[in-house]
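First up is the structure itself, then whatever we jot down about it.
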2 protein chains.
Amino acid sequence: MALRHAVLAALLDGEYSGYQLAKAFDVSLSNFWYAVPQQLYAELAKLEREGLIAGRQVIQHDRPNKRLFTVTDAGLAELAAFTATPSKPSSIREDLLVMVQAVDRLDPTPVIAQLEERAVAAAAKVEIFDRMLRRLRGELDEETFLREGDRIGPYLTCLRGRRFEQENREWCEQVTALLRARAPLPG
Amino acid sequence: MALRHAVLAALLDGEYSGYQLAKAFDVSLSNFWYAVPQQLYAELAKLEREGLIAGRQVIQHDRPNKRLFTVTDAGLAELAAFTATPSKPSSIREDLLVMVQAVDRLDPTPVIAQLEERAVAAAAKVEIFDRMLRRLRGELDEETFLREGDRIGPYLTCLRGRRFEQENREWCEQVTALLRARAPLPG
DNA sequence: CCAGCCATGTAACGGGTTACATGATTTA
DNA sequence: TAAATCATGTAACCCGTTACATGGCTGG
C-alpha cells in the first residue's frame, strides 16, 4: 500500500475535498509525494469504503458541490500501525540524473539546457518552501516554533524539501558550469 | 518508458551481464535508480529485441554461462533522443516523510526509532559514495578529474547521491533530537 | 553440510500514469 | 469569448514489485 497513508497524513491538517487535496499534493506535499487528481479521487473513495475517512457533503450555490473528508479513529489507528512497520528508503528515479550519467558519450548541449531549467525550477521551489515555512510558524522564530509549536510535522517535511531543492539547485549549477567549461559552445 | 534509459546509461561503462547489472543497480546507480534482477532481465531482453543493445554468450566452466551486453549505435541514438526530450522532476515517495508529516498526532516513539535507523543507513551510504568517488577519480584530485577526466558522468551522479544522503542523515538526526526533546521517553 | 554467490528467468498482482469525459462559474 | 478554476470521476495501459522456479559452484 502506498498513497493511502500520504492521504491520511494530509487530512490530519483538517477537512479537504478531493480537489483541495489535489492542490496540496501539488505543492506542500510534493516534496515527498505526488499524485494526480484522478488517483486521489479513487483513493478517497477507497478509504471511505474502508471507514478510514469520513466524508460530508457541502452544498454550494456559486460553484459545484463538494465532499469534505476527515480522518476517523480507524484512520488514525491505521496511521499508527503504519509508523510501526519498517520503511525502506525509496528508490529515486530521476531522468535528469540518467542523462548526466550518460553525458560524456553524447552531445552535452541538450543536457546543459535541461540542467539550467532545472536549476531555475529548484530555486523557485526553494522560495515556495520558504514562504510555506514562514506561514506555518506564524510569528514565532523557527527554534521556538519547533520547541513549542503544536503541529510541527508539516514544518519538518517542508524543511527536508527545502534542503533537497537547494542541493538540487547547487548541483545543477555546478554541473552546468563544468560541462560548459569542458565543451565550450560555439559562438 | 523508464528503466530502459537507465540500463542503456549503465551499459556505457562496458560490458555487463544481467547479474552484474543487478549489482550495479544495487550500489552505484542506486542513488537515482533501482531495479530488481527480474526487471533487469526482462528489460535487457526487450532492449536486445529492439536492437538497442547486443549480447554475446560467454561460456564459463567454473560457473554458469552468461550473456554480456553492449550498447549499439541505435542504442546511443536512443540515448541522444532521450536527452533531447524534456524531463520532469521525479516524484519522490518516501514513507518516512509521511510518518514525520503525521507524527504530532501519533505516538512519536516508533517514528524516532525509524529516524535513527535511517540516519545510520544514510551515514553508511555516504561512506560507500566516498569510496566510489575515490575509485572513480583514481590518483587525481577532484578538481583535476572533473576538468580532465574522460568519464565524469558517473562521478557527477555519485556526487549528487552523496549530497542527498548527507542531507538525509543530518535531517534525520535533527528531527530525532527534536522529537526526543518534545516528548521525553520514560526511564 | 549449509549458506551464499553466480546466473537467468516466468507469472501474478498492485499501483501509478495517461487519456477521456462532463459541466458550471469566474476572470482576463 | 476564451481561459482558468472548481469539482468529480471512468477506463485502459504501463511499469514496477513480489512470489515462485531452477541449478551448479564456492567458502565457512
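Observations on the model:
- Tally, over region B:9-38, of residues that are buried (at least 22 other Cβ atoms within 10 Å of the Cβ) and within 11 Å of DNA strand D (Cβ to nearest atom): 3
- Flag if A:Thr72 is β-branched (Val, Ile, Thr) and more than 21 Å from the chain's Cα centre (by Cα): yes
- Among residues of region B:150-173, those that are open to solvent by 60 Å² or more (accessible area, probe 1.4 Å) and over 22 Å from A:Gln101 (Cβ atoms), counted: 3
- All conditions in (1) within 14 Å of the chain's Cα centre (by Cα); (2) closer than 23 Å to B:Ile112 by Cα; (3) free of Cβ contacts under 8 Å to residues at least 60 places away in the same chain hold for A:Lys23, with the sole exception of (2).
- Search result, residues across region B:1-22 that are in a loop (DSSP other than H, G, I, E, B) and within 13 Å of DNA strand C (Cβ to nearest atom): B:Met1, B:Ala2, B:Glu15, B:Ser17
- Looking across region A:132-161, the residues that are more than 13 Å from chain B (Cβ to nearest Cβ) and more than 15 Å from the chain's Cα centre (by Cα) come down to A:Arg134, A:Arg135, A:Arg137, A:Gly138, A:Glu139, A:Leu140, A:Asp141.
- If you go through region A:54-80 and keep only what is open to solvent by less than 80 Å² (accessible area, probe 1.4 Å), within 12 Å of DNA strand D (Cβ to nearest atom) and aliphatic (A, V, I, L, M), you end up with A:Val58, A:Leu68.
- Among residues of region B:23-58, those that are within 14 Å of chain A (Cβ to nearest Cβ) and in a helix (DSSP H, G or I), counted: 4
- Unique match (being away from DNA strand C (no atom under 12 Å from the Cβ) and under 20 Å from A:Leu3 (Cα atoms)) among B:Ala113, B:Ala102: B:Ala102
- Answer residue from region B:83-120, given it is more than 7 Å from every other protein chain (Cβ to nearest Cβ) and among the hydrophobic types (A, V, I, L, M, F, W, C) and is most open to solvent (accessible area, probe 1.4 Å) among those: B:Val120
- Qualifying positions in region B:174-187 - open to solvent by less than 20 Å² (accessible area, probe 1.4 Å) and of a type in the set (S, T, N, Q): B:Thr176
- Among the residues of region B:87-119, those identified as among the hydrophobic types (A, V, I, L, M, F, W, C) and under 21 Å from the mean Cα position of the chain (by Cα) are B:Ile92, B:Leu96, B:Leu97, B:Leu115, B:Ala119.
- Answer from A:Arg147, A:Arg135 - the residue that is surrounded by fewer than 18 Cβ atoms within 10 Å (Cβ to Cβ), at pLDDT below 95 and not assigned by TED's automatic domain parsing to the domain that holds A:Gln20: A:Arg135
The values are calculated or read from the model by the stated rules, or taken from the named source; none is laboratory data. Fair warning: this is a prediction, and the values are worked out from it, not measured in the lab. Backbone-built Cβ (ideal geometry, glycine too); neighbour counts: all protein chains shown. Surface accessibility is based on the protein's heavy atoms, side chains included, excluding ligands, DNA and RNA. Shrake-Rupley method; radii C 1.70, N 1.55, O 1.52, S 1.80 Å.
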